[in-house]
1. When the residues of the stretch 413-437 are narrowed to those that are outside any loop (DSSP other than H, G, I, E, B), at pLDDT 85 or above and in contact with a helix residue (DSSP H, G or I) (Cβ under 9 Å, 6 or more places away or on another chain), which ends up nearest to TYR386 (Cα to Cα)?
2. Output the qualifying pairs, or none if there are none: Cβ atoms under 7 angstrom, residues six or more apart or on different chains, first residue in the stretch 193-216 and over 20 Å from ASP181 (Cα atoms), second residue part of a loop (DSSP other than H, G, I, E, B) and at pLDDT below 60.
3. Within the stretch 321-355, track down each residue that is among the charged types (D, E, K, R), in a loop (DSSP other than H, G, I, E, B) and at pLDDT below 75.
4. Which ones in the stretch 538-564 are assigned to a helix (DSSP H, G or I) and either in contact (Cβ under 8 Å) with a residue 12 or more places away in the chain or under 15 Å from GLU527 (Cα atoms) (or both)?
5. Tell me whether the stretch 371-379 contains one or more residues that are at pLDDT 75 or above, buried (at least 19 other Cβ atoms within 10 Å of the Cβ) and of a type in the set (Val, Ile, Thr).
6. Which of the following residues is within 19 Å of ASP181 (Cβ to Cβ), buried (at least 21 other Cβ atoms within 10 Å of the Cβ) and either among the charged types (D, E, K, R) or assigned by TED's automatic domain parsing to the domain that holds GLU173 (or both): ALA115, ALA120?
7. Take the residues in the stretch 61-75 that are part of a loop (DSSP other than H, G, I, E, B) and out of contact with any helix residue (DSSP H, G or I) (no Cβ under 7 Å at 6 or more places or on another chain); name whichever of them is nearest to LEU100 (Cα to Cα).
8. Give me a count of the residues in the stretch 43-72 that are within 23 Å of the chain's Cα centre (by Cα) and farther than 25 Å from LYS198 by Cβ.
Amino acid sequence: MRLTELKLKNFRCYKDEISFGINDLTCIIGKNDVGKSTILEALDCFFNGTIDKGDLSADADGNIIEVTCVFEELSSKIVLDSSVETNPSDEKILNSKGQLEIKKEFKVGNTIGKATYLIALHPTHEDLINILSLKNAPLKALAEKVGADMAGVQKTKNPPIRQAIRAVVASPEEEIPIKVDGSLDTDNNLKAVWSKLKGFLPIYSIFKVDKNIDDKDKDVQDPMKQAIKESLAIPEIKELLERIEEEVKAKSSEVADRTLEKLKEIDESLAEKMKSDFNKVPTWDKIFDLTLLNENDIPLNKRGSGVKRLVLLSFFQAQAEKKKVEDNSPAIIYAIEEPETSQHPNHQKILINSLTDLSSQDNIQVLFTTHSSNLVKEIPIESLNYIHKTGEGLQIEYGINESGQVNSETLDKIIDTLGVLPNPKDSVKTLLFVEGNHDINALKEYSSILSQHDEDVINLNDNETIGVVISGGSSLKFYIDNKYLDGLGKPEVHIYDNDIADYRAYVAKINREGNPNKKAFNTSKLELENYLTKEAIEEAYATNGTVVTIPEITDEMDVPNTVARKLYETSPDKNWDDLEESKQKKRESRVKKLLNTQAVKQMTVERLQAREAYDDLKLWLDTIKSLN
């Protein structure tokens, strides 16, 4: 299940209800004290109940804080209040957009009262409005009252009874709050419903900017102590420790007994009142102490703050993943405050690439706040979120608008806020234009494969003479650079897929100019992914522990779609065509990234030749070299 939206009301600086969109990777930008960290901490409040009286907005209307989370991709087959599967849409627990919307209210007084609601498009007829609250006996009584057809219905299971009732009672539907937790009667069935729904919620773990970075901090110690506890639980080690315990008891008792014998010689009456005894069992996990040392045996707490913070961030991820396994949670959300803190620019780039890769994995989302212009330049535009104050209060803007287009005005605000500057180095001789990040990732890997086979072929990796321009504007860095590239007078090579008519027309237009310093190509196959082999793709997924079988790749196949479909339908109860188009696109996007990073690494010259792809790639690379 995936978080897509957060709504806040009366939570700190967010007095009026505000909606905040969440992506797989969400970067939150804004000036100090504008409410960036509040977003992360509001989610911590929702998932982990971390709230106090000070969280109530100073200008609040009333004394109730509202934190609402909206989720997509809830399974179409779930178990709610009995062992039989049911559909969340049939059970009327989804909102008007088909999403699972959960609102938590916190009533601030002498204590903090808590209540949880589903915001659901639900029948409002008097016989149906409370149907989810009924347990089996009253549910059967209601079925009899409304004249439901119970033929063939399992009368011990609630979902089919509810279906039979809804079938005979016509009712308008409205989006209403349904209370599922907080001051409910013990016989209210919604307690059981909420108990099941909670199991579908992601694990949420937040890493704050002021996190203690001492290796004696509890958050660092816990995973290391856990490692000790897990080791002590191994049967072979337990047996050894029991033997040690018995030996120590035996030897020390001998010493105690000899001591008592000597005491008798001094005062027999005193010795008779004493005996040896072990009244405390050794606690082995308190005896062992685990810390982290570098290659020179320097402990973590003596290292630089940047290194300590990276290590602690790694522990933070390890703890969250461990909790996900222990709680059997289907997903996990990482929230990180200013990950650039104490980090060298090179580490910042490594870190953001790591977070981006993390967010591309199934069932993982990453949110973070930042003030780093270097870090933000590497972020996909669709992940950028800008918070700022206006005369009407706080406003949230996004890098991509509702139509899917780049929001230029918002990006300009981000650039001005962070002071982001372009960096067209003097060493750049040639500009290489491609559609997106995935394309350049693949081209760099292919150039490495070809250059190892033929030393005359240019290698695009770590080549500072080639300036890459992402024409699709998929990250802020390329959006910025594009704005400042006019007039540089550099030779240009354009390489675009063959699947979009506009790109074919653009390539033809460039080549018609007859400019010897401008060359443009379309792929001879549908897309760059069509240059892969099925074996390379299957091997890439196998390295991640996923077994998938795909058909032979053809020139006109929609490869990302085909692979995404095969992956999704590995479960026999899942049908790709039942997925909403937006969800299909998201899965295809994840596949596309893996194909152009991990699958291309499985390619060889022989495989490229088998796909009749070698000549295309060599022509493009030779053209780049000739203009460079």
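1. Start the filter on the stretch 413-437 by keeping residues that are outside any loop (DSSP other than H, G, I, E, B), which leaves 413-418, 430-434, 437.
Remaining after also requiring at pLDDT 85 or above: 413-414, 430-434.
Within this subset, residues satisfying the condition of being in contact with a helix residue (DSSP H, G or I) (Cβ under 9 Å, 6 or more places away or on another chain) are 414, 430, 432, 434.
Working: ILE414: 7, THR430: 34, LEU432: 30, VAL434: 27 Å.
Step by step, filter the stretch 413-437, then rank; the result is ILE414.
2. Cβ pairs passing all conditions: ASP215/THR291; ASP215/LEU292.
3. Residues of the stretch 321-355 among the charged types (D, E, K, R): 321-324, 326-327, 337-338, 340, 349.
Cutting the leftovers down to in a loop (DSSP other than H, G, I, E, B) gives us 327, 338, 340.
Passing the criteria: only ASP327.
4. Filtering the stretch 538-564 for residues assigned to a helix (DSSP H, G or I) gives 538-543, 559-564.
Passing the criteria: GLU538, GLU539, ALA540, TYR541, THR543, VAL559, PRO560, ASN561, THR562, VAL563, ALA564.
5. There is at least one residue in the stretch 371-379 that is at pLDDT 75 or above, buried (at least 19 other Cβ atoms within 10 Å of the Cβ) and of a type in the set (Val, Ile, Thr).
6. On the way: ALA115 fails: buried (at least 21 other Cβ atoms within 10 Å of the Cβ).
Answer to the check: ALA120.
7. Kept after step one, since they are part of a loop (DSSP other than H, G, I, E, B), are these residues of the stretch 61-75: 61-63, 73-75.
Imposing the further condition that a residue be out of contact with any helix residue (DSSP H, G or I) (no Cβ under 7 Å at 6 or more places or on another chain) reduces the set to 61-63, 74-75.
Working: ASP61: 26, GLY62: 27, ASN63: 26, LEU74: 7, SER75: 11 Å.
Selected residue: LEU74.
8. Residues that pass the stated criteria total 0.
The values are calculated or read from the model by the stated rules, or taken from the named source; none is laboratory data. Note that the structure is a prediction, hence the values are computed from the model and not measured. Because the Cβ atoms are built from the backbone with ideal geometry, glycine has one as well, and the counts that use them run over all protein chains shown.
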